[in-house]
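Some notes on the structure that comes next.
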Amino acid sequence: MPNIQGFSMLRARSYVLRLPLFTRGLVVAISAFWLAGLVPMWDLRQWGALIPDQMNIFTMYRLNTFPLIHLNFFHAILNVLALTPLMERFEAEFGTLTSLSLFFGPLTMIPAFMYIFVERIILRGNTSVVGASMWVFLLLGIEAIRTYKTNPHLVIGTHNIPTWVSPLVMVVVVKALMPSSSLFGHMSGVATGYLFGLGYLKFVAPPEKVLRWIEGRLNLLARLPHYVSVDQKTYGRFGVLPTSNPTSALALFLLSSALVMRRNDRLLRIAPPYISLACVVVGVVWLFLLPLNDYSRRTYISENALLPGQVHAYFGGSDQNVFRAYRHEIDALKDSSNIEVNDSLENILTGVGLKVGRQNYTYHSLGETYSGENIYAVLQAPRGDATEAIVLVAPWRNMRDELNRNGLALSLALTRYFKRWSLWSKDIILVVPPDSRTGIQAWVDAYHDAHDPRQVAPLPLKSGALQGAVALDYPQEGRFESIHIVYDGVNGQLPNLDLINSVVNIANGQGQGSRLQRMWRHNDSYDDRLRTMLRGMVNQGLGHSTGAHSSFIPYHVDAVTIQPVGQGWHDEMGLGRVVEGTFRSLNNLLEKLHQSFFFYLLMNKDRFVSIGTYLPSAMLVAANLTIMAITLWMRSGYSEEEPPAPEPRQPGDVASTLTDSGSRDIKVEGRDAAAATAATAKGSKPVERDIFLPLGLVVGSHLLGAVPLFVFNHTPSNMLTPVFTLFTAVNALLPHLASRLLTPASLTAQQRRQFRQLLKSFSLLLLGMFLSTLATLNFSLALLVGLLAAPLTFTPTAHAGPAARVAYTLVLNALSPPAVVAVGATVAARYLGEGGGVGHLLAEAAFGWRVWGLYTPLVVWCVWWPAWLVGGVVALGGGGRSSSGGTGKAKVA
C-alpha cells in the first residue's frame, strides 16, 4: 500500500500526472467506450460484452473488449478508481509492453474462458458480463499472494486469518452490496491472480530479449512519454511503495488528512462551496438519469399467492341488466339529499342479503362545515371467520364533485354478483360515502378506532383486518379505452407495488390498457417516462389526497382508485371483470402484501425505480447543507483578523535587541511549524465559540414557524388571500428587522463574523438533518424543499456591500416560501386549470391538516421558512455596529 502519511492535494495531483503510459491508456479507453455507449444508433454492450453463447472464431474480440465496456457512468468511474492504483503498480514492476501484452492477452483470456466454462458447461446459463472489475480482482489476487509471502496471517482477536483470503472476502462483499455483479466473473479473476502470483503463469509473459529488441528498434523510451521500459522497471518507481502494516497506514492517512484540512484555511474556504454545489448538481443529474433503462427496472409480481389474471372472470351477461337497473335507480336519486340516498341504498343492500351500517360525521375547517352520512354493507365470507376483509369503495361524488353514476351502479352489481359465489375467504365491504374527501376518511378512522368521537360517530358494524381496497371512479358515459390507476396516498405514501402490478396484469388480460399520472398517451420514451415520474413526485410532494383510496394507505391498507378514460370499445362489464380479478387475487393472500416495494417511482405501467436507486438524489441535496454546516463550524473556531501593527523599536531597546538576537537561534522545522507560522502571520488563531445566542436564535426561529402555521390553519377561508398578502409583505421585511434587532451592537467585527457563521451553521445543520430524515418518508417533498433551499448554502457570512445585499435580498425573496406558494398556486390555476389561486391552495392545505393529517404545511412553515429567515439574517450582514476596538487596529494619539 502506498505511503500516504503525508498525503496532500498537491501530492495527489502529482501522482495522477506521473501515471505510467499503459495505465493512462486504460483510463482513456474506458472513458472513450463509455462515451461511445451513449450513441443511440450503436448497441455497444451487445457488440462487445462477453456473452457465453455468442463466442466463436469470429467473436473472439469480445475477450478483449468486455473489460473496457461498462453499464453506466458510475460503473465506469468506480472501476477506474479501483483499477488505477493497482494497474500503476503492476506496470511499474513489469513494464509497459509486458502489461500491454498480458492484459490484452492471457491475463484477460484465461479468466474469460474460466467464466465461459462455468457459465455454459456447469451452470448452463448465458449471463453476459462487462466491466474492468475482473481485472481489479485479478490484480488483488496477485497482491494478496505477494502479501501472504511476507505477512502470512492477519490476527483478529485469537484467530489467525490467512491474508490471501482478502480478495475472496471482497468478492462476497461486492456481491452482497451489488447483487447484479458477476460472482463467478470476479472469482475467475481472483483465481487467475492467484496462479500468476504463485508463479504458475510466468511462462505467458513475453521474453525480455524480445521486448528489449522492440524497444530499441522503435525507440519507445524516447518517443513515448511516461513509458516504462524493461530495463527501467523498478518496484515502486512511481511512488507506490510496499508497506508491512496497511492498517496503521490507513489510520495515519485518515488522521493526517483531517489535520491537514483543519489547518488549511484555503481548503476550508474554497473547497466546501464547490463540494456543496457538486452535491446539488449530481443530485439533480441523478434524478434525470432515473428514466433510463440502466437505472430503472421492469415491474414484476413478488407475492406468488396473488396469481393475477390466472382465473376466469364470469362477470357479465345477465349482470349487465342488473347494472342498468341499478343505474336507473341512481339516476332517480341524483337530486336527492344524502339521507334519502342512503335510505334507498339501504333497501337495495338489505334486499341482497347484506348487513348494513350507517355512520354520521362532521368536520370543521376555516369556518366551513363538512358533514354527511356514510352507508356500508358487509358480505360475510362463506369460507372465512370474519378476521380479514377487502373493501370496495364507490363514492356518491368523486374528487371533482361529479356524480359517480356508473361507478356506484357497477359496485352494487358486483356486490350482488359476489354474493352468489362461495369461494370468498375474506369478507367484502362495500362503502358508499357521500364524497371522496371527508366521508371515506371518517369511515377509515372509525374502523381503526382512531377517530375523534366529537366529530365522527363510531361504526355499528365491523369485520376483520382490511387487506386491500379498490375505489371505482366512473362518472363518464359510454365505453372507454383504458383504465387510469390512481395510487398516490396522503403525505406521499404509496400502496404495495404488487397491487398496482396485479391490476395492470388483470387489465391486460381483459385487453384494456393502463395509464398512470394522467399520461393518456405514453410511448415509453425518455420524455414520457420523465414526465410520468415528475408528475408522481409532485403529487407525493404536495401530499394531498388524490382519491377515495388515499385514506386507507396511512393505515397500511393497500388501495388504488380505478378510473375508466378515453373513448374505446370496453364497457362496464369489462371494468367489472377487472375488479373481480383483483378481488380474487386479494382473496388468495394469507397475509398482507409485504414482499414488494412500498417506496418507488413509477415511470410507466411496467417500469419503476426503487428507493435504493432514487434516494441518493435527495440525500446528496441534503448533504450539501450538512457539508457547509460543518465547514462553517470549523471556520468559526479561528480568528480571521489582521494582526496589530508592530510598534516602532528604538535603537537602544534592550528587549528588541534580545528578541532579534534570539531569533537567530530559532529553527523552524517541519510543515506543521511552517503552517503555524503562516497562520500566525495571517492572524488566524483558535478562538472560543459563543454558541448560546446563535443556537437560541435558530431554535427560536423554528418555534416562530408555529405562527404562520396557526394563522393559515385558523383564518376564515374568505380572508386567506388578504392575510397571505399581508404576511408576504411582512415576510419581505422580516430578515431586515431581525438582522438589526437580533445582533448585539457591542460585538466586534470578528465576533459578528463568528456569530453569523454559527447562526448559519446551526440552521443548515438542522435543515440537512430534517431533510435527510424526511427523504426516507417522503422523498419528493424532501427533494423539492432541498432544491428550493439550496441557495441558503451559499449566502455569505462576511460583510457584503450595498449592491450585494440588494442582490441577495431579491434572490432570497424570490425563493421564499410565500413567493413559491404564490407562484405555484397561480401556475396551477392559470395554466393547469386546477385550484383557484392562493386562497384555494391554503384552504386545501388547512383542510388536509385537519382531516387527512397532512404534514406538508408543517414542513413548509416550521422547517423551510425558519431556515429561509435565518439565511436572510446572515446574508444581510447581521446589522449592529462594532465597538471602538472592533477593527482590531489601535489608534495612536
Exercise. Does Ala507 satisfy the criteria of being modelled with pLDDT of 95 or more and assigned by TED's automatic domain parsing to the domain that holds Gln320?
Worked result: yes
Exercise. Going by the structure shown, is Ser545 buried (at least 18 other Cβ atoms within 10 Å of the Cβ), more than 17 Å from Val503 (Cβ to Cβ) and either in contact (Cβ under 8 Å) with a residue 24 or more places away in the chain or charged (D, E, K, R) (or both)?
Worked result: yes
Exercise. When you look at Ala829, is it among the small types (Gly, Ala, Ser), in a helix (DSSP H, G or I) and modelled with pLDDT of 85 or more, yes or no?
Worked result: no
Exercise. Which residue, of Arg62, Arg24, Arg89, Arg45, is in the same structural domain as Pro106 (by TED's automatic domain parsing), of a type outside the set (A, V, I, L, M, F, W, C) and within 29 Å of the chain's Cα centre (by Cα)?
Worked result: Arg45
For this session: Identify, from the list Val851, Val860, Val820, the residue that is of a type in the set (A, V, I, L, M), in contact with a Gly (Cβ under 9 Å, 6 or more places away or on another chain) and closer than 22 Å to Thr715 by Cα.
Result: Val860
Exercise. Of the residues Ala845, Ala789, which is closer than 30 Å to Pro272 by Cβ and at pLDDT 85 or above?
Worked result: Ala789
For this session: Pull up region 33-61, narrow it to residues that are touching a residue at least 12 places away in the same chain (Cβ under 8 Å) and of a type in the set (A, V, I, L, M), then point me to the one that is farthest from Thr108 (Cα to Cα).
Result: Leu44
For this session: Go through (1) surrounded by fewer than 16 Cβ atoms within 10 Å (Cβ to Cβ); (2) modelled with pLDDT under 90 and name the single condition Gly48 misses.
Result: (1)
Seminar exercise, completed: Reported set for region 733-755 where residues are of a type in the set (A, V, I, L, M, F, W, C) and surrounded by 16 or more Cβ atoms within 10 Å (Cβ to Cβ) is Leu734, Ala738, Leu742, Leu747, Ala749, Phe755
Exercise. Counting just the residues of region 189-212 that are within 17 Å of Leu86 (Cβ to Cβ) and in contact with a Phe, Trp or Tyr (Cβ under 8 Å, 6 or more places away or on another chain), which one comes out surrounded by the most Cβ atoms within 10 Å (Cβ to Cβ)?
Worked result: Gly189
Problem set entry | Residue list for region 401-433, filter: part of a helix (DSSP H, G or I) and among the basic types (Lys, Arg) | Arg405, Arg416, Lys419
For this session: Collect the residues in region 323-339 that are in contact with a Leu (Cβ under 8 Å, 6 or more places away or on another chain) and surrounded by fewer than 18 Cβ atoms within 10 Å (Cβ to Cβ), keeping them in residue-number order.
Result: Lys334
Exercise. What's the number of the condition Ala775 fails, among (1) more than 14 Å from Ser636 (Cα to Cα); (2) over 33 Å from the mean Cα position of the chain (by Cα); (3) buried (at least 18 other Cβ atoms within 10 Å of the Cβ)?
Worked result: (2)
Exercise. In region 581-590, is there at least one residue being crowded, with 23+ Cβ neighbours inside 10 Å, closer than 19 Å to Arg515 by Cβ and either among the small types (Gly, Ala, Ser) or modelled with pLDDT of 95 or more (or both)?
Worked result: yes
Exercise. Ile145: in contact (Cβ under 8 Å) with a residue 24 or more places away in the chain and of a type outside the set (S, T, N, Q), yes or no?
Worked result: yes
Exercise. Looking at Asp319, is it surrounded by 16 or more Cβ atoms within 10 Å (Cβ to Cβ) and either over 47 Å from the mean Cα position of the chain (by Cα) or farther than 26 Å from Ile506 by Cβ (or both)?
Worked result: yes
For this session: Filter region 155-174 down to residues that are crowded, with 16+ Cβ neighbours inside 10 Å and either in contact (Cβ under 8 Å) with a residue 24 or more places away in the chain or more than 11 Å from Leu140 (Cα to Cα) (or both), then give me how many there are.
Result: 7
For this session: Check whether at least one residue in region 479-488 is in a loop (DSSP other than H, G, I, E, B), among the charged types (D, E, K, R), buried (at least 23 other Cβ atoms within 10 Å of the Cβ) and over 19 Å from the mean Cα position of the chain (by Cα), and report yes or no.
Result: no
Exercise. Which one is surrounded by the fewest Cβ atoms within 10 Å (Cβ to Cβ) among residues in region 438-448 that are out of contact with any Pro (no Cβ under 7 Å at 6 or more places or on another chain) and either at pLDDT below 95 or of a type in the set (Val, Ile, Thr) (or both)?
Worked result: Thr438
Problem set entry | Single residue of Asn360, Asn304, Asn342 found to be surrounded by fewer than 16 Cβ atoms within 10 Å (Cβ to Cβ) and either touching a Leu at 6+ places or on another chain (Cβ under 8 Å) or modelled with pLDDT of 95 or more (or both) | Asn360
For this session: Output the residues belonging to region 415-471 that are within 23 Å of Thr362 (Cβ to Cβ) and small (Gly, Ala, Ser).
Result: Ser436, Gly439, Ala442, Ala446, Ala450, Ala457, Ala471
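The values are calculated or read from the model by the stated rules, or taken from the named source; none is laboratory data. Small disclaimer: the values here were computed from a predicted structure and weren't measured. Quick reminder, even Gly has a Cβ in these numbers, built from the backbone with ideal geometry, and neighbours come from all protein chains shown.
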